[in-house]
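These notes are about the structure you will find just below.
Just so you know, all these numbers are worked out from the coordinates, no wet-lab data involved. Since the structure is predicted, the reported quantities are computational estimates derived from the model, not experimental observations. No Cβ is skipped: glycine too gets one built from the backbone with ideal geometry, and neighbour counts run over all protein chains shown.
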Amino acid sequence: MVNQKTSVRDLVARKSTGPKIVTVTAYDATFARLFDAAGVDIILIGDSLGMVVQGHENTLPVTLDEMIYHGRAVARARPRAHLVVDLPFMSYQISVESAVAAAGRVLKESGCEAVKLEGGAAILPQVSACVAAGIPVMGHLGLTPQSVHVFGGFHVQGRSSADQDRLVSDAQSLERAGAYAMVLEGIPSELAARITQTVRIPTIGIFAGPHCDGQVLVCYDMLGLQPELKFRFVKRYAELGQQAIDATRDFVDEVRSGQFPDESHSVARQNGS
Ligand code: KIV
């Protein structure tokens, strides 16, 4: 069967035709293959990898080289899903030139197809310039994790009516600047609905209620890979973290008791050797 790559055009068309766009993060080829087999539309190589893969407290330390490294690993799986890479903190905020250079490196070196930038009015020139250079841009508004220190923590955004009006205006500006979709993170459900009705490009929600044109989850959260973390807004679709602990405990016990390896898991003796 032909591997029909999901394109920006396919995704934008889904705004009016549906079905909802399903996005999940991945950081390596194995998970990319699994999620593609499950039929997701977009794989996001999120800078959340700074927290779930690298063990940092937030996404700020992640570098452009690291994003490209993980993007390349995911792209090697050759998924049908559309591949988006986060531009990391300080790779695009400083200037339009730095943004186009960073986004250009991502597309040239990782083999992925689009970049995601966090922010509204402040980064519109960067968005326009990337799009003009032929680089598809996904926006990201609301609880944008790269601004964690401005927010004073990972707190829900858009509660006051002034903030809500600003976020609606940012969403409209992102659309005008040429973004083909946008993530809405950590905002009230009614605000996500208002933005979704206002713009003609798809909105992809995370902790933003059911009214967006699609949803995204961080794969480590979705699969319960960090059993010690419990987030109110995350739905876990598996408990792979606990399964990994249980499986590893069985391995430890069997090695110590001499149960593993038995003859069936050992190399057979060759004739005469
Ligand atoms: O980095 C990431 O995983 C993200 C998602 C939470 C949208 O930006």
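Data overview
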| quantity | calculated |
| --- | --- |
| Prolate/oblate/rounded call for the stretch 142-185, Cα gyration tensor, a/c under 1.5 rounded | oblate |
| Cα-Cα P(r), the chain, percent of pairs per 10 Å interval | 7, 28, 34, 17, 7, 5, 2, 0, 0 |
| Spin-label model distance (nm) - ASP253 vs ALA132, 7 Å beyond Cα toward Cβ | 6.5 nm |
| Relative contact order computed over the stretch 189-273 (Cα-Cα under 8 Å; 6+ residues apart), in percent | 16 percent |
| GluC sites (Glu not before Pro) lying in DSSP loop within the stretch 197-273, provided at most 14 other Cβ fall within 10 Å | GLU228, GLU239 |
| Helical mean residue ellipticity (222 nm; -39500 (n - 2.57) per DSSP H run of 4+; nearest 500) of the chain | -12000 deg cm²/dmol |
| Charge-dipole axis of the chain as Lys and Arg at +1 and Asp and Glu at -1 on Cβ define it, positive-most pick from PHE35, PHE151, GLY139 | GLY139 |
| Spin-label pair ARG33/GLU228, simplified geometry with 7 Å Cα→Cβ offset, distance in nm | 3.1 nm |
| Lys, Arg +1 and Asp, Glu -1 on Cβ, resulting dipole of the stretch 1-56 about Cα centre, debye, nearest 20 | 280 debye |
| Extension reserve of the ALA13-ALA238 stretch, reckoned as 0.36 nm per residue once the Cα distance is removed | 77.9 nm |
| Approximate spin-label separation HIS56-LYS5, in nm, with each point projected 7 Å along Cα-to-Cβ | 2.9 nm |
| Contour minus Cα-Cα distance for ARG269 and SER98 (0.36 nm per residue) | 55.5 nm |
| Cα centre as origin, Lys/Arg/Asp/Glu Cβ charges: the stretch 95-249 dipole, Debye | 100 debye |
| Added length on full extension, which subtracts the Cα-Cα distance from 0.36 nm per residue, THR198 to ARG166 | 10.2 nm |
| Euclidean distance between Cα centres, the stretch 1-47 to the stretch 205-251, Å | 18 Å |
| Longest DSSP-loop-exposure-free segment, trypsin sites (Lys or Arg not before Pro), the chain, at most 12 other Cβ within 10 Å | 1-158 |
| When each of LYS15/LYS235; LYS108/LYS235; LYS5/LYS116 is checked by Cα-Cα distance, pairs over 29 Å | LYS108/LYS235 |
| Dipole in debye (nearest 20) - the chain, about Cα centre, beta carbon charges: Lys, Arg +1; Asp, Glu -1 | 800 debye |
| Cα gyration tensor category, rounded, prolate or oblate, for the stretch 74-191 with a/c compared to 1.5 | prolate |
